[in-house]
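Since the structure comes first, as structure tokens, the remarks are kept for the end.
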């Protein structure tokens, strides 16, 4: 029996992962679930008697790896998230495994088997955590990798026009107008992407500079944007962001 803690800030993703764990041939017990970096740090500070951590990299209040470093934990980790393809090899090298969302049942089964096989072979997990953190903070996001069915699709950042949120999901829209579901909130994306290229025009939209074709004055001190490709609803810069938006354009 593998006793593990689940570090995941999205409740649907956490519930799905628990269900997949229950369907695995390898027996596991989820003894804790932390939905933020702060809660993860507090939990690990108590030196919990667990065998494994299943960690989403990006949490609402920061990177889970920062919590691992601050707690100086030596608990092995399987990372679960969606990141650029350059990071894939780093995560596989410096952790038990890396699972790209949406997680396939067979990939989870394989990762758990790797943990069983590697038990005792990687004693200095804190060093591995440092390596992952160094990679994350040193690298720039040049591509977005997502899973569609059994395929991995790589989208260069140069092909992205904007992101928007709708009904609890985040969508990536490329220059051709094709949209993809992306596994991150706009708040998380805003932290990761270069601020000189992307601007959060309102609560529901993050726009790339090169996607803006036209800017018009709009009532109440707002701006109306024409984007390429066109968005399905009016694209309006919120009044409280209008001044900062104007400065960002310069």
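Bear in mind these aren't lab numbers, they're just calculated from the coordinates by the rules spelled out. Treat the numbers as computed from the prediction; the structure is a model and nothing was measured. Because the Cβ atoms are built from the backbone with ideal geometry, glycine has one as well, and the counts that use them run over all protein chains shown.
Ordered by the number of other Cβ atoms lying within 10 Å of each residue's own Cβ, fewest first, 240, 66 fall into the sequence 240, 66.
Ordering of 21-29, 5-13 by packing is 5-13, 21-29, highest average first (other Cβ atoms within 10 Å, averaged per residue). Neighbour counts of other Cβ atoms within 10 Å put 78, 181, 215 in the fewest-to-most order 181, 215, 78. Going from the fewest other Cβ atoms within 10 Å to the most, the residues 210, 71, 36 appear in the order 210, 36, 71. Debye sum, Cα scatterers, the range 145-249, no solvent: what log₁₀ I/I(0) at q = 0.11, 0.13, 0.23 1/Å? Debye output, listed in q order: -0.33, -0.45, -1.38.
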